[in-house]
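First the structure, which I've put down as structure tokens, then a few questions once you've had a look.
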Amino acid sequence: MSEAVTARRPIETYLAMHDEEIAERVEAAREELGSRVVILGHHYQRDDVIRHADLNGDSYQLSVLASRTDAQYIVFCGVHFMAESADVLGREDQQVILPDMGAGCSMADMANIDQVEEAWDQLTDIGVVGGKSTVAPITYMNSTAAIKAFCGRNEGVVCTSSNATKLFESYLKNYDKMFFFPDQHLGRNTGAKFGIPLDKMVVWDPHQDLGGNTEEALHDAKLILWRGHCSVHGRFKDWHVDKIREDVPGIKVLVHPECTYEVVQKSDLNGSTSYIIKTVEESPSGSKWAIGTEVNLVNRLATRFPDKEIHLLAPDLCMCATMYRISPQSLAWAMENLAEGVVVNEISVEPETSELANVALGRMISMTEG
Ligand code: 13P
Ligand code: SF4
């Protein structure tokens with residue numbers, strides 16, 4: 001990460017301002033910066049941030065789109081791993097800014113590179129890695145650049161929730177086992193699509209020796225799943241599915257594969273945020289949906305399609321609190337500093353890590369696109 005720079009304007013100045021003044025300031029700074037800046041808004045961002053975004057999308061899409069613009073500055077309204085990916089996939093002359101450094105991802109934080117290296121060493125010591133069978137590490141996009149680089153170095157790959165199935169298909173053909181980080185649910189739900197029995201998908205707890213498994217279970221496993229999860233998607237329970245079906249006859253349940261196995265098994269359809277959006281967009285007027293993903297996205301779909309009945313699957317608020325750290329105030333702060341020539345909160349991945357992360361991302365691209 002690059003060294004901290006001193007902001008010309010302190011963030012505190014913005015906290016007392018009215019919403020409209022903040023919005024005007026963001027737009028004025030954008031006008032001044034012109035095509036030198038692009039503002040990215042992830043699907044889970046709140047409305048008062050999304051209104052300023054030049055591009056909306058999922059994490060991978062946004063990084064690719066930003067790299068194709070002329071912009072020198074990429075202001076990423078998303079979370080830390082997304083900004084890192086934008087830096088890895090971006091051009092050398094582009095700088096990535098995360099308006100609030102507190103915008104992390106609790107799932108990505110559940111795996112750090114030291115724990116992953118330690119796990120790999122333990123698997124090597126017992127002959128699971130480097131023995132008779134072949135093992136490939138696969139990481140979800142929601143992980144640090146260092147873990148992506150680890151996969152790049154060890155014949156592995158990065159996946160998104162849109163292409164996990166396709167990548168599992170190739171890797172299952174060519175390797176005996178996979179070690180999947182950091183989302184156990186996406187890993188299990190994808191493994192189940194290929195008929196891998198639950199007892200062949202063991203969980204690796206980084207706080208226990210051998211991840212809490214016996215040597216035999218690790219040798220026998222087809223998939224080793226890191227013990228990580230999304231606290232937002234984890235709030236959807238299988239009884240929510242039963243309840244909404246009882247309350248709203250004819251409703252279809254559509255969930256993100258970061259939800260638990262039980263929820264995904266009970267749902268009608270599951271897929272990435274882009275898949276969820278497309279499914280609702282293409283559904284007929286009058287159709288009824290209970291959606292299991294982040295509330296800001298679900299609310300926006302409900303506003304966009306008043307002719308469809310759209311519910312959040314759970315009655316309580318499933319909001320990504322870390323995404324919410326990006327506020328109009330922090331965006332205004334980042335943009336006005338930028339307009340004055342000060343790059344605050346730059347996310348810059350160290351070159352060697354970036355190069356290896358790009359190897360794993362490059363494999364993903366060549367195996368899934370074109
Ligand atoms: P996308 O890769 O679909 O943007 O999802 C990111 C995410 O954090 C989902 O919880
Ligand atoms: Fe991370 Fe979950 Fe938030 Fe996505 S919704 S950024 S996985 S905490």
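Report the net charge of residues surrounding ARG46, where surrounding means a beta-carbon distance below 13 angstrom and charges are Lys +1, Arg +1, Asp -1, Glu -1.
So the environment of ARG46 carries a net charge of -2.
Given that compact globular proteins tend to follow 2.2 N^0.38 Å, what is the ratio of the alpha-carbon Rg of the range 1-154 to that value?
Normalised Cα radius of gyration, the range 1-154: 1.27.
A follow-up question, please. Excluding ALA314 itself, calculate the net charge of residues whose Cβ lies under 15 Å from the Cβ of ALA314, where each Lys or Arg counts +1 and each Asp or Glu counts -1.
Summing Lys/Arg as +1 and Asp/Glu as -1 gives -3.
Please report the carbon-and-sulfur percent of the accessible area for the chain; probe 1.4 Å, protein heavy atoms only, DNA, RNA and ligands left out.
49
Here is a follow-up. At a threshold of 8 angstrom on Cα-Cα distance, excluding pairs fewer than six apart, so keeping six or more, what relative contact order does the range 191-345 reach in percent?
17
Semi-axes, largest first, in whole Å: what does sqrt of 5 times each Cα gyration tensor eigenvalue give for the range 222-271?
Calculated on Cα positions only, the semi-axes equal 23, 11, 8 Å.
Using C-alpha positions alone, give me the convex hull volume of the chain per residue in cubic angstrom.
Spelled out: Cα convex hull of the chain, divided by residues, is 146 Å³.
Take the range 131-211, compute every pairwise Cα distance, and split them into 5 Å bins from 0; I just need the percent in each bin.
Spelled out bin by bin, the range 131-211 gives 3, 15, 26, 28, 20, 7, 1 percent.
May I ask you to order 353-361, 121-129 by the average number of other C-beta atoms within 10 Å around their residues, highest value first? Spell out each step's value before the answer.
On the way: 353-361: 20.8, 121-129: 16.8.
With the highest mean Cβ count within 10 Å placed first, the list reads 353-361, 121-129.
Over the range 206-333, average the accessible area per residue using a 1.4 Å probe and give it in Å², no decimals.
45
Return one whole number: the accessible area per residue of the range 108-148 in Å², for a 1.4 Å probe. All intermediate terms of the calculation are to be shown ahead of the outcome.
Values: 1570 Å² over 41 residues.
Roughly 38 Å² per residue, with all protein chains present.
Tell me the net charge near ALA339. Cut-off is 11 Å between Cβ atoms, ALA339 excluded, with +1 for each Lys or Arg and -1 for each Asp or Glu.
Computed value for this residue: +1.
Based on alpha-carbon centroids, what's the gap between the range 148-200 and the range 303-370 in Å, whole number please?
23
Of LYS200/LYS243; LYS132/LYS200; LYS173/LYS200; LYS266/LYS288, which pairs sit farther than 24 Å apart, going by alpha carbon to alpha carbon?
LYS200/LYS243, as the Cα separations exceed 24 Å there.
Using packing as a proxy for protection, rank 214-220, 82-88 so that the peptide with the highest average count of other Cβ atoms within 10 Å comes first.
Result, highest mean first: 82-88, 214-220.
Let me ask you something else. Percent relative contact order of the range 79-196, based on C-alpha pairs within less than 8 angstrom and at least six residues apart?
The value is 25 percent.
Once you keep just the Cα pairs under 8 angstrom separated by 6 or more residues, what percentage relative contact order results for the chain?
25 percent.
Starting from the Kirkwood Rh over alpha-carbon pairs, what translational D in µm² s⁻¹ does the range 245-331 have by Stokes-Einstein at 20 °C and 1.002 mPa s?
Rounded, D is 157 µm²/s.
Hey, another quick one. If R₀ is 35 angstrom, what is the calculated FRET efficiency for the pair GLU246 and SER274, using the beta carbon separation as r and rounding to 0.05?
0.70
The values are calculated or read from the model by the stated rules, or taken from the named source; none is laboratory data. Fair warning: this is a prediction, and the values are worked out from it, not measured in the lab. Every residue, glycine among them, receives a Cβ derived from its backbone with ideal geometry; neighbour counts consider all protein chains shown. Calculation scope for accessible area: heavy atoms of the full protein, side chains included, ligands and nucleic acids excluded. Shrake-Rupley method; radii C 1.70, N 1.55, O 1.52, S 1.80 Å.
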